[in-house]
Amino acid sequence: MDPILERYQALEDKIKEYNPALDAQRLFRAFTYADNAHAGQLRKDGSPYITHPIAVAEIVAELGLDMDSIIAAMLHDCIEDTESTHDDIAKRFSLAGVLDEDRQAKQRFPVEEIEVAAIEDHPANVAYSMDEDGIKSLAESIRKDGLTDIPMVRRKPDGGFQMLSGHRRKAAYALLAKDDPAFGRMPCRIVEGVSDDQAVTLLHTANYFTRELNVIERAKATQALGIQVERMRAENPELKGVRTAELKAAIIRNQPGRNVSPATIKRQEQTARRVEQGLTEDWRSEAIEGNLSDTDIATLGAMDPDAQARLYKEKSSANAGKADTSKLIREAGGPGAEAVGKLVAKALKTLRKAAGAADGSAVVDASQLDEIERCVRDLRTIAGSK
């Protein structure tokens, strides 16, 4: 099956899980309309543009929203990026109210040039690094190639502006303006009527994909979305049963149109906790600089501080690079460290498969039980060999 059609079919199946009365013909007409309208258009990564509307529709479906919302998500870029008209889509799919709201929302984000000095930094941005060398490099890139991604600001009640997405770009413009007054003003996308909580959400979701974050920063970006998650649950009681990681993933995917899984969210937050709570200062710095893998961090986190200190001294004496450092960590973790990881992963996979019943119950057959018991026996053997 064509990959696009296969993805559409998966979306349809997802909706039927919570809406058995799905009007499949209407949904398929919306998909076909969007696919034809965006024919020949590509995303920056070279993939067909239709993958973006499908991704947005998938997010809406994951939140269990109604059919009009899903179809509006599927068609949301047709008016702006194709020859389709508001009236044509409203007539075909009876979405006049939804599309009017979407059109008005797009009109709320005009681009204007604003005095850089007049834009206030957002206090939540302190979670992210603003290294001087990185700003200089970005400034040179902007001087040479121009601004490729327009920053986002919100208009404050007093008429001033506060940065939401683009703190590093603002700093780069300020640096360039010292030599060239032309950089004293920066084009910005202005968002009106954004609450303090919504501003924090926009800031963190934008940073998640538009900045190169270290392990701590990336986890903080998702942890900060807890405010938005609680607000969503308060507004929609049906979301109380949805896992926090799933809601965070949906929020992130919805903002920049990228894909991130709940499992990735959980892994990143878990790794950040290990770095902050389980590593010595030297190893913490290595992790933040991106020199350690998740497996390296987990192995180090299982060691006591003295063992970590000895290992870091050995690493420094050998002037070990990234690959050699990982090898040292694996060896220091004991002969079974790597095997433990594989066995745990295998046992967890078996358990997840057993717990896949629709009613949430866990049904373990004899072969699965044998597999789990074998993993446990092997783990005990490894533990006894240390």
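Every number in this text was worked out from the coordinates using simple rules, so none of it is lab data. What you see is a predicted model, and the numbers here were worked out from it, not measured in a lab. As a convention, Cβ positions derive from the backbone with ideal geometry for all residues, glycine included, and neighbour counts pool all protein chains shown.
A compact table of results
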{"item": "Debye intensity ratio in log₁₀ form over the Cα atoms of the stretch 108-194, taken at each q of 0.17, 0.18 Å⁻¹", "result": "-0.67, -0.75"}
{"item": "Residue-by-residue Karplus 3J(HN,Hα) for the stretch 166-183, coefficients 6.51, -1.76, 1.60, Hz, glycine and proline x", "result": "x, 4, 5, 5, 4, 4, 5, 4, 4, 5, 5, 5, 5, 9, 9, x, 4, 8"}
{"item": "Orientation-averaged projected area, Cα convex hull of the stretch 3-106 (nm²)", "result": "6.4"}
{"item": "Total formal charge among the other residues, if their Cβ is under 15 angstrom from that of Arg231, Lys/Arg +1 and Asp/Glu -1", "result": "-2"}
{"item": "Residue-by-residue Karplus 3J(HN,Hα) for the stretch 56-70, coefficients 6.51, -1.76, 1.60, Hz, glycine and proline x", "result": "5, 4, 4, 5, 4, 5, 4, 7, x, 7, 6, 5, 4, 5, 5"}
{"item": "Amide hydrogen neighbours beyond the local backbone of Phe161, cut-off 5 Å, H modeled", "result": "Glu120, Lys156"}
